Structures are given as structure tokens and as C-alpha cells.
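**Q** Submitted below is the structure of interest, expressed as C-alpha cells.
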Amino acid sequence: MILAHAQDPTLQTFENDVWWITLIKLLGVFVVLLLLTLFTINYERKVVARMAVRPGPNQVGPNGWLQSLTDGLKLPFKEEIIPKTADKLVYFLAPVISATVAFTAFSVIPFGGVVSMFGHKTALQLTDVPVSVLVLLACSSMAVYGVVLAGWSSGSTYPLLGGLRSSAQMISYEVAMGLSIVAVFMTAGTMSTSQIVKAQAEGNPFHFLGMDLTTPSWYVVLLFPSFVIYCISAVGEVNRAPFDLPEGESELVGGFQTEYSSFKFAMFYLAEYINMITVSAFATTLFLGGWRAPWPITAFWHGANSGWFALIWWLVKVLILLFGFIWLRATLPRIRYDQFMRLGWKVLIPVNLVWILFLSYVKVANNELSERAKWLSIGGIVVVILLIALFWPASRKPRQVSLEEQLAARPPGSFPVPPLDLQVPPSPRARRAVAERAPATVGGDSEKEV
């Protein structure tokens, strides 16, 4: 294979691929996802162990790095237990749907630019369409079916509750995730993943107070509120701590996959980690410049984005985002379900809508208003939004009722209440009659008196 110069693919690039090149890329995506899953599981164990100051996997393979591989080989050979009340067909299809959708979502993720593969020019991406981002959102929507069907077909209460929780959670945070991506569409002017990466190659020039400046090329800086909302929504979308409420062991035993074992459980486990990798790769594509090297590297190395080197920068960015998932799991406790749903519907979605409206006005102002009027109006809108957020009426908390008032409001005939000072006096009926006796003495006189 020969290195090619840095070149962004177009939609026509994918149409010109021969069938066996597409087959090689399909196999490559499958192998990369499997290897990344095995690495991520061990990566998570070692990072969490380091944060908890305890040893992680260190027995199987060099420094324990083959532990995930042995676990993956072990699961298919374990005994499979299927509940008698399970719907056998749906019980089998649910993990297949989850795993298939997880792999399909990765088909539109760009790994790099155009390279030479066995003498043929092709892009390091399986395929691309004008609405690739919608393909990813559709795959995440289809993943809900696997979760719901797994909980329902198990014929058990706990999986059903876990499936309902997970479906409500995924649907709620998928709305916030979809809205956070709208800002990227508006800025890049396309829904194609390869073209979104191309749009982040160079910043756009603009004028501010007579100065000629250039906007940052990566959308993580230009659209920072969208990036924050996307990251929070992604954690809720993949059911990771502190948003792993569908799998709350203290409440639901194990979530929607409680009644699954052996290879079917391994498929759910695989789908969970592939979804983590997918949302990290999607964030890399939308906000972190995709496969392009960061600015300090490109400043002194002009061929950093050439050929297969792009795959290195893409992998580093994905691993950094995966580290964020692991860091959250090792740091934050699980929140209550009502707090979690309130965060999605009452905070993330309204903030997202206001941010989209603000960006829409900025785009209109760039085309319709003069420089002075544009910046004055944008500054005025920002001040108004900040004032509204500052003086927004908070929900009134109920008045704290004192203990004396609570006792006075108790209906007659209620159970007795312990003393408020927590010093319970002894009951007179529990007194013990202690016989008084003379001290024991040694001597003849004492024995005679007794």
C-alpha cells in the first residue's frame, strides 16, 4: 500500500469503489470494532483500578491485556439458560438487533481521507451519503427495539422494568442529541460526515471592530454549547454511569438483559461497548475535526494528514473521549431517575432550542446587517439571555415544618413517637429486683453466722 497525499473524499469517491475494495473495508470495520471493544473493556478496568488505587487485570497475557479476549472466548461456551416463560423467537432476535444496529452505525464514520489501497484510490470510510448523520440517528433509534424486546420477551418482571426504563431514557436523550447536531448542520451546510470533516479543515474569516480574524476550525470551540449537550446526551444514550439507571443493581437486579446468558449476553455486552465507541467517533467527526491532526502538529508537519497517518489521529481522539466515559463512571454516583429525566426534558432540550435560535439569528445577521449593527444586536441578545437566566424564578420549596408542628398535626390514636432528644427513659416494668447479699468472707465466725 502506498501513501497518498491528504485529500478529502467526495460522494463520488464512494461510487467509484470496486466491490472487493468495499468488501475489504467492510471486513476492516468489523475487525476494528471487535479489537476496539476488547481493548476498551480492558482499558476501562485498568483506568478504574488506577483511580481506585487497586490492581486491575494483571494475570492473563502481558500485564493482563488478554483478559478481555479470554472473557470473550469463555462466554459462548457457558451454559445457556432460557426462561420457560420467554418468547423464544423474540428472545433470540433482541440481541441480534442490538448487535447488528451497533455495527451498522459505524458504516458512515470516516477514519481518514483518500488513500491508495492495492493501486485503487479509496477513502478510509465504508460509505457516505448526503444524509449520513441521519443514518446514525436512525441506527440509535433502532437500538431501542432490541432493548424493549429483550425486556418483554424474557417473561420476567425485572427485565421488563429495565427495558421500559432504558427505552424511555434512550428516547428522551436522543431528542437532545439530535438537537445538538442541528448546530453542526447549520454551520457546515451538509449532513454528510465526510463533508463535515472537510468543513473543519480551515476556519472562516470574519471582521470584528476593524480587525480581520479567523474562526476556529474545530466545532468544539465554535459550537461549544452543542458539544457539551452532545456529550451529556451521549452518556445517557448509551446507559453509562452516572446515567446507568436501567441497570441499577440496587433496584432492578441487572436491567433488560437479566435473563440472558452465554452468547446472547455477550452480544448485548458487545453492543454496549460498540455504542460507546460509536458516539465517541461521532463526536470526533462532528466537533473534533474528524481524522485531521490537531493544530500544533499540522503547524510543523504538513504531511500529518496524509494517507494512513490520519487513522492515528482519529484513534487518539476516540480514546480520549472513551477515557471521559470511564472517568465519569469512576467519579460520579448514580442519580435518581426523576432527576435524570428532568435534566433531559427541562434543561438540555430548552437550552438547545435557545442556542439553535441564536445561531440562526447570527447566520441571518451575517448576510443582512452591517458589521456594527450585527455585533451590537448579537451582544444585546446575549445580555438579554443572561439576564433571563439570572432572574428566572426558581421553583419554590415547601416551608420546612418543625418537629413540634409535625407532632401537633398528628391525628389522635397515632403510634407513639420517641423523645426528640433520643434519650429513651427506662420502663418501670423492666426493673430487675437485685437481691442484696452480704459480701463473702473467709473464717469460722462468718460460716457459723450463715
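The values are calculated or read from the model by the stated rules, or taken from the named source; none is laboratory data. All values reported here derive from a predicted model rather than from experimental measurement. Cβ: placed from backbone, ideal geometry, glycine included. Neighbour counts: every protein chain shown. The protein model used for the area step is the full one, side chains on, heavy atoms only, and it has no ligands, DNA or RNA in it. Shrake-Rupley method; radii C 1.70, N 1.55, O 1.52, S 1.80 Å.
**Q** How many of the residues in the stretch 153-173 are outside any helix (DSSP H, G or I) and either in contact with a helix residue (DSSP H, G or I) (Cβ under 8 Å, 6 or more places away or on another chain) or buried (at least 21 other Cβ atoms within 10 Å of the Cβ) (or both)?
**A** Final tally of qualifying residues: 1.
For every residue, the table says whether it meets (1) within 18 Å of PHE111 (Cβ to Cβ); (2) within 24 Å of the chain's Cα centre (by Cα); (3) part of a loop (DSSP other than H, G, I, E, B); (4) not charged (D, E, K, R).
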position: GLN12; (1), (2), (3), (4): no, no, no, yes
position: ASP17; (1), (2), (3), (4): yes, no, yes, no
position: LEU26; (1), (2), (3), (4): yes, no, no, yes
position: VAL32; (1), (2), (3), (4): yes, yes, no, yes
position: GLU44; (1), (2), (3), (4): no, yes, no, no
position: VAL47; (1), (2), (3), (4): no, yes, no, yes
position: PRO55; (1), (2), (3), (4): no, no, yes, yes
position: ASN58; (1), (2), (3), (4): no, no, yes, yes
position: ASP71; (1), (2), (3), (4): no, yes, no, no
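**Q** Keeping to the stretch 75-99, report how many residues are part of a helix (DSSP H, G or I) and either open to solvent by less than 20 Å² (accessible area, probe 1.4 Å) or modelled with pLDDT of 90 or more (or both).
**A** Counting residues in the stretch 75-99 that are part of a helix (DSSP H, G or I) and either open to solvent by less than 20 Å² (accessible area, probe 1.4 Å) or modelled with pLDDT of 90 or more (or both) gives 11.
**Q** In the stretch 350-372, what residues are modelled with pLDDT under 90, open to solvent by 40 Å² or more (accessible area, probe 1.4 Å) and more than 19 Å from VAL184 (Cβ to Cβ)?
**A** Scanning the stretch 350-372 gives ASN367, GLU368, LEU369, SER370, GLU371, ARG372.
**Q** Find all pairs meeting these conditions: Cβ atoms under 6 angstrom apart; at least six residues apart or on different chains; first residue within the stretch 300-319 and in a helix (DSSP H, G or I); second residue among the β-branched types (Val, Ile, Thr).
**A** LYS317/THR284; VAL318/THR284
**Q** Yes or no: the stretch 336-355 includes at least one residue that is closer than 20 Å to LEU126 by Cα, outside any loop (DSSP other than H, G, I, E, B) and in contact with a Ser or Thr (Cβ under 8 Å, 6 or more places away or on another chain).
**A** No: zero hits.
**Q** Still on this structure, I have one more. Within the stretch 226-253, take every residue that is at pLDDT below 75 and in a loop (DSSP other than H, G, I, E, B) and give me the one that is nearest to the chain's Cα centre (by Cα).
**A** In this case the residue turns out to be GLY248.
**Q** For the stretch 100-118, which positions are open to solvent by less than 10 Å² (accessible area, probe 1.4 Å) and among the aromatic types (Phe, Trp, Tyr)?
**A** PHE106
**Q** Condition (residue is within 28 Å of LEU27 (Cα to Cα) and part of a loop (DSSP other than H, G, I, E, B)) applied to the stretch 174-189: is it met by at least one residue? First the steps, then the outcome.
**A** Filtering the stretch 174-189 for residues within 28 Å of LEU27 (Cα to Cα) gives none.
Checking the stretch 174-189: not a single residue is within 28 Å of LEU27 (Cα to Cα) and part of a loop (DSSP other than H, G, I, E, B).
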